Each structure stands twice: as C-alpha cells, then as structure tokens.
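The structure under discussion appears below in the form of structure tokens.
Readers should treat all values here as calculations from the given coordinates under stated rules, not as data from a laboratory. No experiment lies behind these values; they were computed from the predicted model shown. Please note: Cβ atoms are built from the backbone with ideal geometry, for glycine as well, and neighbour counts cover all protein chains shown.
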Amino acid sequence: MLKDEPHFSRRLAAVSESKTTRIFAQAQEMRRQGREIISLAVGEPDFETPMPIIAATRQALTAQHTRYGPVPGEPALRERLAQAFDGYTADNILVTNGAKQALYSLFQVLCDPGDEVILAKPCWVSFTEQIVLAGGRPVLVETGEAFELDPERIRRAITPRTRAILINSPNNPTGAVYKIEAIMATADLAAERGLYLISDEAYHAYTFGRPHMPALVVSPDRARVVTVRSFSKHYNMTGFRLGYVAADKSVIQALSRLQSHTTGNVCTFAQHGALAALEMDQGIVAERCAELQRRRDLALARTRELFPCTAGRGAFYLFPDVRGRLRNGETSADLAARLLDQAGVALVPGEAFHGPGHIRISFGTGPETLTRAFDKIREVL
Ligand SMILES: Cc1ncc(COP(=O)(O)O)c(C=O)c1O
C-alpha cells in the first residue's frame, strides 16, 4: 500500500455503498448535464408534507425547541406512539433518526460476532449491510410464490447461532404484503426457538386490499417482538429523519444506551412535527393510499405489457422479472444502466436487493410522469 493512500477500517470494507442512493446520484448528475431524466428509482412518493406537520414544526422552532432533549425521545411523542400498541407505555418506545438508524442500532445491540439474522430475499438494501456492520451474518432465504413469506424455509435456516428473524411487510422491493397465516407461523417459530422477531413496518400505512398484520398482534411471545416503524413514508416526512422502535422495555433501554453515545436525541423540533402528524386528521393518509393504489394499477398494467410481474399489494414498488428482456450476457443491472442511458429512466436493478433478474419500479411519481416513463422504456425495449 502506498504511504499516503487512505486507509479505512475492515468493517467498512465489508459493506458496499447503498445502490439505491448511488442510482439517485447518477440520475442527478445526468440531470445536471442537461439530460431529461425521469426517476422511478426513488423510495418516496411525490406528495408534500402535510401542512399541520409543517406548522407545528415551525411553531416549535419559534418557541425555541432547539435544544438537546431526552435521548429516547420527547415524552409526549413517546406516549402518543405507545397508544398504537396494546399494553405499551412510553417506556416501550424509542424515537430514532429514521427506521434506518433504528435497525442499525438494533443489530448492534442484538448481534455478537457470528450471530445470524434470518431474512427473506429479495430484501431492502441496508438490512444485510447493517447486519454485517454489527459483526453478524445475514442468512437469506428464498420467498415463496409471489414473494410470499415462507416460514418453512425460515425454520430450516435456523441454527444455534440464530439470534433473530427479520420480516418486512409491506415489502421493499417486492410490494408483497404477507399473509396473516405466514406472519403467525413465523411469530410462533420465533417464540418457540426463543428468537427475536424484528418486524420492519415502515410501509404499514400503504396496503391495497390485503390488510397489514403487525407481528406484535399475533406473537405468543410479545417480549421478543421488535417493531420498527417510520414517519418517512407514512407522513411524507423523509427529510425529517424520524422513525421509532416499539418493543419490550429491556430492548428500548439497550437501544437508548447505544443511542446516548451515537446520535443522542432526534432533532427536537422535528419531533414536534411528528406529534402533529399523529394528531392531525388521518384522512390525508387514506387519500394518499388510495392515490397510490390508482398509480399501482396504472404502473402494473404498463409493466405487464413488458415483463411478467406480481401485483404488489403494498408500499409503492413493483418488482418485475426482466429476464426475458435481457440480451446475451446482459444482467438486470446492465438493463437498468441501458434504460437510464437510452430511455432516460432511472430504475433500481434487482441486484441491489439480492433479487437479480428483476428491476424495482417505484410508482411514487404521478400518473403523467409514470406514463411518460413507460412510453420511453417501451420505445427502448
Ligand atoms: C424497508 C425499509 N425499512 C426502513 C427504511 C428506512 O426508512 P427511514 O430511515 O426513512 O425511516 C426504508 C427506506 O427506504 C425501507 O424501505
């Protein structure tokens, strides 16, 4: 190694940069160069943050809520969040800098080196990297037909090193909403083997037809269920960076201990905005969910003109199988690069989610943009 070559930790070398943020940056750069780029790669709908949230945040700023606060979160917000979980109090809630930090911290407090976390693939980009950063080992199991959770495969993947099972419904990137029976069977399995069941419910507000089933509701061992949720997608507050963990007090205390040395409290005035989000008329969330369903219908119809595709039942993603459209030797990452270059449409290749042969289409953008993007993709293909 050259003397002044920068050297970083082995820990960092074990993980790669988030592929979704990389595509986002690439599309931005092409835009800067004057290209018209339509992004179907983003992990957020184009809806504005509702005004009651903005007003409460502004008011909190004016009232000088700009200082350090309690590490686990503002008491009023924790209390309000706890109301959504039967039997929970403020002590069962930790407010985090997005669900992303919540999950990162969770793996840090749960995993010793070599501990295994079982999760189904395809899966969100950061899960595996965060587990590796904690010294753990992600154990990926296949999903069943239509990306359904398969508890039998999870059972077979359990070893003496298994520490936790992680599920994500509604799912990023597939849009799957798991059947209640599968969630129940997985919760029973985790309880039977004394494993933590981490339930990432970042998209729970957005389901189309099949209702969301919180793992906590069906688990026979509530003390080992860890629910992770977020204000990001639910209330169109991605930039606020607000998520939370709802779990047994022992888990919350462990996470708070870690958070006291990492970020401290989450932005104080942003938490006032979050409280307003919970207290405002929730009709706007329902309206936005209905709008996303209309976009899903449009995107699904257009996608199916080009590729076989399972109907996503939640979140705002489709995950079509593009293998039939690949040229000789081409991968889905190559196809995504070709579509960005020739069609000017940014999509995330399945490789980012341990789902090669697929691409992720976000229908967070409006119908006109979606239509234009699909016209361009169709032209290139
Ligand atoms: C499945 C899943 N979990 C967690 C997150 C993190 O969300 P945030 O940190 O914005 O709350 C995302 C964001 O895309 C996600 O898709």
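Observations on the model:
- Only Cα sites of region 183-319 enter the Debye sum here, all with the same form factor; the resulting log10 I(q)/I(0) across q = 0.18 1/Å is -1.14, listed in q order.
- Theoretical ellipticity at 222 nm over the chain - DSSP helices of four or more residues, -39500 (n - 2.57) apiece, nearest 500: -12000 deg cm²/dmol
- Cα point-scatterer Debye curve for region 1-99, base-10 log of I(q)/I(0) at q = 0.11, 0.21 Å⁻¹: -0.73, -1.10
- DSSP-assigned coil residues among GluC sites (Glu not before Pro) in region 281-368, each with at most 15 further Cβ atoms within 10 Å: 305, 330
- Against the empirical 2.2 N^0.38 Å (N residues), region 67-279 has a Cα radius of gyration ratio of 0.96.
- Relative counts (whole %) of C-alpha pair distances in region 39-82, using bins that are 10 Å wide: 20, 35, 33, 12
- Mean-position separation - Cα centroids, region 157-228 and region 25-91, in angstrom: 24 Å
- Lys-Lys pairs in the chain that are eight or more residues apart or on separate chains and whose Cα atoms lie under 19 Å of each other come to 5.
- Computed over the chain: relative contact order in percent, which uses C-alpha pairs under 8 Å that are six or more apart: 23 percent
- Put in order of Cβ neighbour count within 10 Å, fewest first, the listed residues 204, 65 become 65, 204.
- Note, ³J(HN,Hα) from phi for region 322-333, Karplus 6.51, -1.76, 1.60, rounded to Hz, x at Gly and Pro: 9, 4, x, 9, 7, 6, 3, x, 7, 9, 5, 5
- Span from the region 244-312 Cα centroid across to the region 320-381 one, whole angstrom: 25 Å
- Cα convex hull of region 264-381, projected area averaged across orientations, nm²: 9.8 nm²
- Amide H contacts for residue 137 (H built 1.01 Å from N in the peptide plane; partners 5 or more residues away or on another chain; cut-off under 5 Å): 114, 115, 116, 117.
- Relative contact order (%) - region 67-279, alpha-carbon pairs under 8 angstrom, separation at least six: 27 percent
- Along the chain, the exposed loop sites are chymotrypsin sites (Phe, Trp or Tyr not before Pro) outside DSSP states H, G, I, E and B with at most 13 other Cβ atoms within 10 Å, and the longest stretch free of them is 69-381.
- Overall form of the chain per C-alpha gyration tensor (a/c, 1.5; a/b vs b/c): rounded
- With neighbours defined as other Cβ atoms within 10 Å of a residue's Cβ, the residues 250, 105, 219, 260 order from fewest to most as 250, 260, 219, 105.
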